[in-house]
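The values are calculated or read from the model by the stated rules, or taken from the named source; none is laboratory data. Just so you know, these numbers come straight off a predicted model, no measurement behind them. When we count neighbours, we look across all protein chains shown, and the Cβ atoms used for this are built from the backbone with ideal geometry, even at glycine.
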Amino acid sequence: MTLHTSIASGIFVCLLGTLLSSLVGACGRSAGAHRISQILLALSNAIGALAALAFFFADTPVLPLIHLSLLFPTTLGLDHLSALFFLIVTGMSSVTALFAIHYVESERDTYNVRSLDCIAALFVLGMQMVPLTPSVAGFMLFWEVMSIASFFLVMADRKDASIKAAFLYLTMTQLGASALLAGFFLLGDGTIFPDFAALAQHARTASDDTILFAFALLFFGFGSKAGLVPFHLWLPEAHPRAPSHISALMSGVMLKIALYGFLRTVLFLLPPLPVIAGMAVLALGLLSGLLGVLHAVVDRDIKRTLAFSSIENLGLIFTMVGLSMIARANGLSVLAELALAAALFHAVNHAIFKTGLFLCAGAIVQGTHAHSLEAMGGLAKTMPRFTVAFCSLALAASALPPFGAFFGEWMFLEGIVGTLKEGGMMLQGLLLVALAAVVLISGLAIFAMVKLFAIACLGAPRSPGAAHAKEPAALLTAPLFALAILALGMGLLSPAVLSFLSPAHVGIVASRLPTVAVATGRLSPLTAFLALAAILLVCIMLVRMAWSGRRRLSHVWDCGQEVNAGMEYTATAFSAPIRFFFRFLLHHKTVVATPVVPTNPWIVRQSMTVHADTSIRFATIYGYVARILLWLSAQAKRLQNGIVQFYLLLMFLALVLSLIIAV
Amino acid sequence: MYLLSLWRRLFFGIRVTMPRPVFTRGHTEHCEIVGAEIREIVRRLYGGRALQIRAVDGGSTNAEESELTMLGNAYYDIERFGMSFAASPRHADMLLVTGPVTRNLEQAVRSSYESAPQPCIVVAVGDGACTGGIWKDSYAVVGPVESVIPVHVKIPGDPPTPTDILRGILHALRTRP
Amino acid sequence: MSVFVFFLQGTVVLLLAPLATGCVRWCKARFQGRHGASPFLPYVRFLTLLRKEMVIAETASWIFHAAPFVVLCTAVFVAFSLPLLTSAPPPGGLDNFILFAAILALGSVFLVLGGLDPGTAFGGMGASREMTLASLVEPAMITALAAFAVVSDNSAISGMLAAGGASLLQHPALVLSLVALGLVALAENARYPVDNPATHLELTMVHEAMILEYSGAYLAIIELASSIRLTVFALLLANLLVPFPLLATAISFSGALATIGATVAKLVIAMFLLALWESSIPKMRFYRMQEYLSGAFFIALAGLAFSLLSLP
């Protein structure tokens, strides 16, 4: 059996296994069925991940899998871009399925396990199929499978708030999907459901305006799915509402599928775009990064913080992609390649650490029965093993060495600094803005992640739930350690991984210049890690040898008065300086004065609220949009007056109108 | 312009620090040092050449605190003897406890002592801290510092002058002539 | 052989570090009209702390024990890898300026975690402030060093030094970057006007508040780590200004001696200037730090922009 056939069969096994897992989950009534379903999902996805990984070593640009002629004639197949995203989907699904075995069992009172397992597997199937399908019809079909499955998963706990969030999500995602469909139709020049190759053919002959308009529609479609800022409103509502392993998949993987769609369109379907398109992507990317990270810093809910951090990371990735587009339009091939490689690398890293962090959040919420960071604390004492994994994942997410995310950002910044000299004034200005914003975002991201870890895990427990939390079961911690090690491995092996992901290698750019390899050669992560580790060991040994005192446990230094957990710094207090420094963006405090005596306006009781959870300005903008829509629908209601003649007249008018347009 | 005059003062300002012998030689009879324990502690602290002091208020009238504050000024300048005040008992090598220990502050004194790492010299500063002073046997007072935590050095006076305190400490350490 | 140079440099910096802290304290005391403690006091203090007992809070977890070592490790790492005594590039490109900023941030993060771990209000307060400073200083530092990287066409700090002090003359805009770097150094090392290193009032503390719970050997190594950071920043700024005499990969005994002598001189002058600076200005209120930090950030950006303009 050659490598190609084994890859293909691996992928088929993976798809079948996922489908089977869904069926087993739906049909089985016992706890055993749940376990079998999840183990099946984990195993089949692991096989899929291995197959996708093997594809990178098979020296072939495209691997056709199967020709479909039933619904939409196309050939399912893998190329490097889809293999990468297929790898992300399967790898992360495998780990989350492992986590779900124990997690869902303990939450059986909250969720309907049968439907949860069934829909979760379908969700994974949808995400697996999207990168495999090179045709508009198939793409949209599986895109919708993914969207609708996740819609049901968001309201899995059947609470009112969840249902509301789910419908917000559904609205946004369907708006996005319709924009995608419109964009594809526009590009296809009226062809119904073309193949991607045919679509690219059509696009090559289309006028510039059409291309730009189609790009805008597609960017909105993919951007709203990826949670870019003006369209992000659903993300911090919907992601935290789902069960944690689903949140992990939604944040870690589903957003990447949106990125995949965007990359597929921009790099393969559309002809080279003008600079303005890249600038739009860059602008929205930076805006999402900045606002996402600021909200991640000030938010108090553990899962919402992570959701905002996802907005930030997707913003960074889109910044990288946008800069790569600009560089390509300006003929700076080095920066274009570096930024794109960094974007892909960061996407992989974000999938790893965000999946891990959401799983951590799930374990914490299960242990402490609290969603708010304010009601946690002291977990490092009660669940030490778990916090080691959590701490490493949080460090990975704050893009600190020696974890992978750092090297992605490092290469991006290196690319910017290296090309600052070249290009015109305007390009230099853009690069400067991008550099400044990205370093600011990465600085604040450290704050957000430190807040998340420190407030949840350090200090004394601030609620009975946190005080009685126990070390999570080994089945819950093992996937977290696997992800933490993976995040570290991504850092140590980053030169190798980056050169695998380099656009030249992925088949995006025709040239085979060793740009990425040259860039990564400037810094050896392995040397850095070894040096750090060696210094750490020597430090510990020397201090142990030199230290001749004893060690004694005592109460915490309390300034003479007993301290309790109520005096600790909470998430609100911890982020207070940033909230204050960025108050023009965060708009954070309202003081309400209610008169104590109704007749006397001077004696008032004042209460202050710190808003951490809503971005008020966007809510206002969306409020206006909603009001206009309601007004329009109220006007449209007038058409429904129940008079048959009137309807006939309308039909006649519509006919005339369409004839006029057709002619 | 302002900066220039500031710099002139910084560079050419007068030195007001009292000469060292004023504190290292002279009468120290009034200072009471308990046991050989303190010798052992001082030996382990490299003779107290770098000594961090934590001032603990055990219910004093603030007279002693006022004198302790004087120790850090340019005139007495305890820093030249390697001493400085610490922000936490965890950093301290010496506790200066003032005042008769009141019932409200008994817990605070004990807690400070427990928080300080050993070896740690405890100095009772002022009559109140040494014996209870004029508040002895009051219902609001637990007693001298001794009755709460072990004391190594007592510096009497109500309040003792900064010179007394410094002499007492230096006498106890007796590291340099 | 080249590795030996870095060991020499690391050892010298580690040995000199407590002197830097002592020196700045001594100068400040002299400015205040006092006699002042001996500049060598921090060495005795370090040894004393190693002999003392360690009191650990009952609420502390493994983070409390891990933090001091990681903090020291990051400080030692930069002391070994940056071009402080030598101009030779270290193996693996470890003196990359972004890595330098990130490693310092890693140290700050662990200091913050250690400060929060025992669960005291003061620890939390210091941690919150330090984290704010660290996360907003990092962008300014990267931007400031990016200007040097662009001018010298090299993202390794040793490469920036190799371009030499002449680059400062050719590109006067780099002075702005140097100023920004100085402001960053003050903030990173908890110096005036960001923090008062000699304060005993918990409410004004930033750095000190986080280490209130540490005692014994842990306190010794945290203090050593902050001295090393101060030394590294002082020498880095001095070298960016006066990039000689530095050792090459092949070293002679006399050359090494001359370099060490020059390093001590640089350090003492830097500490004298720091003391003068700290005696001349007041501390800023913490909630005005946004002005300071955004000032540093925009000066750095301006330095980068102007040096881009001055390039051919």
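In the set A:ILE446, A:ILE455, only one residue is in contact (Cβ under 8 Å) with a residue 40 or more places away in the chain, more than 30 Å from A:VAL275 (Cα to Cα), buried (at least 24 other Cβ atoms within 10 Å of the Cβ) and at the interface with chain C (Cβ under 7 Å from one of its Cβ atoms); that residue is A:ILE446.
Among C:LEU106, C:LEU49, C:LEU99, which is surrounded by 24 or more Cβ atoms within 10 Å (Cβ to Cβ), within 24 Å of B:GLN52 (Cα to Cα), modelled with pLDDT of 90 or more and out of contact with any Lys or Arg (no Cβ under 9 Å at 6 or more places or on another chain)?
Being surrounded by 24 or more Cβ atoms within 10 Å (Cβ to Cβ), within 24 Å of B:GLN52 (Cα to Cα), modelled with pLDDT of 90 or more and out of contact with any Lys or Arg (no Cβ under 9 Å at 6 or more places or on another chain) holds for just one of C:LEU106, C:LEU49, C:LEU99, which is C:LEU49.
Can you name every residue in segment C:47-92 that is of a type in the set (Phe, Trp, Tyr) and under 28 Å from A:LYS381 (Cα atoms)?
Scanning segment C:47-92 gives C:TRP62, C:PHE64, C:PHE69.
Any chance segment A:126-136 includes a residue that's part of a helix (DSSP H, G or I) and touching a strand residue (DSSP E or B) at 6+ places or on another chain (Cβ under 6 Å)? Yes; the residues of segment A:126-136 include at least one that is part of a helix (DSSP H, G or I) and touching a strand residue (DSSP E or B) at 6+ places or on another chain (Cβ under 6 Å). Taken over segment A:306-341, residues that are under 20 Å from A:PHE407 (Cα atoms) and touching an Asp or Glu at 6+ places or on another chain (Cβ under 8 Å) amount to 3.
For segment A:395-417, the set of residues classified as within 9 Å of chain C (Cβ to nearest Cβ), assigned to a helix (DSSP H, G or I) and over 17 Å from A:PRO495 (Cα atoms) consists of A:LEU395, A:ILE416, A:VAL417, listed by residue number. Taking segment C:158-261 as the region of interest, the helices (runs of 4 or more DSSP H) fully inside it that hold 3 or more residues being over 18 Å from the mean Cα position of the chain (by Cα) and over 21 Å from B:SER84 (Cβ atoms) are C:166-170, C:174-188. Considering each residue of segment A:261-281 in turn, at least one proves to be crowded, with 24+ Cβ neighbours inside 10 Å, farther than 16 Å from A:LEU81 by Cα, touching a residue at least 12 places away in the same chain (Cβ under 8 Å) and out of contact with any strand residue (DSSP E or B) (no Cβ under 9 Å at 6 or more places or on another chain). Of the candidates B:GLU79, B:GLU67, B:GLU40, the single residue that is touching a strand residue (DSSP E or B) at 6+ places or on another chain (Cβ under 9 Å) and assigned to a helix (DSSP H, G or I) is B:GLU67. Are any of the residues in segment C:285-305 touching an Asp or Glu at 6+ places or on another chain (Cβ under 9 Å) and either within 14 Å of chain A (Cβ to nearest Cβ) or surrounded by fewer than 23 Cβ atoms within 10 Å (Cβ to Cβ) (or both)? Yes: segment C:285-305 contains one or more residues that are touching an Asp or Glu at 6+ places or on another chain (Cβ under 9 Å) and either within 14 Å of chain A (Cβ to nearest Cβ) or surrounded by fewer than 23 Cβ atoms within 10 Å (Cβ to Cβ) (or both).
Scanning segment A:157-174 for residues that are under 20 Å from the mean Cα position of the chain (by Cα) and either farther than 15 Å from A:HIS232 by Cβ or surrounded by 15 or more Cβ atoms within 10 Å (Cβ to Cβ) (or both) yields A:SER162, A:ALA165, A:ALA166, A:PHE167, A:LEU168, A:TYR169, A:LEU170, A:MET172, A:THR173, A:GLN174.
Criterion applied to A:LEU15, A:LEU20 was being of a type outside the set (S, T, N, Q), in contact (Cβ under 8 Å) with a residue 24 or more places away in the chain, outside the structural domain of A:LEU480 (by TED's automatic domain parsing) and closer than 30 Å to A:PHE345 by Cβ, and the one residue passing it is A:LEU15.
Candidates are the residues of segment B:26-56 that are without any contact (Cβ under 8 Å) to a residue 40 or more places away in the chain and away from chain C (no Cβ under 11 Å); the one that is farthest from B:ALA74 (Cα to Cα) is B:ALA36.
Considered as a group, the residues in segment C:240-278 that are among the polar types (S, T, N, Q) and modelled with pLDDT under 90 include one that is surrounded by the most Cβ atoms within 10 Å (Cβ to Cβ), and that residue is C:THR259. When restricted to residues that are within 22 Å of A:CYS559 (Cβ to Cβ), crowded, with 17+ Cβ neighbours inside 10 Å and over 10 Å from the mean Cα position of the chain (by Cα), segment B:64-82 contains 1.
Mind checking whether some residue in segment B:122-139 is closer than 24 Å to C:HIS200 by Cβ and surrounded by fewer than 22 Cβ atoms within 10 Å (Cβ to Cβ)? Checked segment B:122-139: no residue is closer than 24 Å to C:HIS200 by Cβ and surrounded by fewer than 22 Cβ atoms within 10 Å (Cβ to Cβ). When you check A:ILE101 against the structure, is it under 18 Å from A:ALA46 (Cβ atoms), more than 21 Å from the chain's Cα centre (by Cα) and either modelled with pLDDT of 85 or more or not β-branched (Val, Ile, Thr) (or both), yes or no? Yes: the conditions hold for A:ILE101.
For segment C:73-96, the candidate set comprises residues that are more than 13 Å from C:VAL232 (Cβ to Cβ) and in a helix (DSSP H, G or I); within that set, the residue that is farthest from the other protein chains (Cβ to nearest Cβ) is C:PRO91.
Only one of the listed residues (B:PRO89, B:PRO19, B:PRO100) is at negative phi, facing another protein chain (nearest Cβ under 10 Å) and under 16 Å from the mean Cα position of the chain (by Cα). That residue is B:PRO89. Taking A:TRP631 as meeting all but one of (1) aromatic (Phe, Trp, Tyr); (2) free of Cβ contacts under 8 Å to residues at least 24 places away in the same chain; (3) surrounded by 13 or more Cβ atoms within 10 Å (Cβ to Cβ), write down the number of the exception. Condition not satisfied by A:TRP631: (3).
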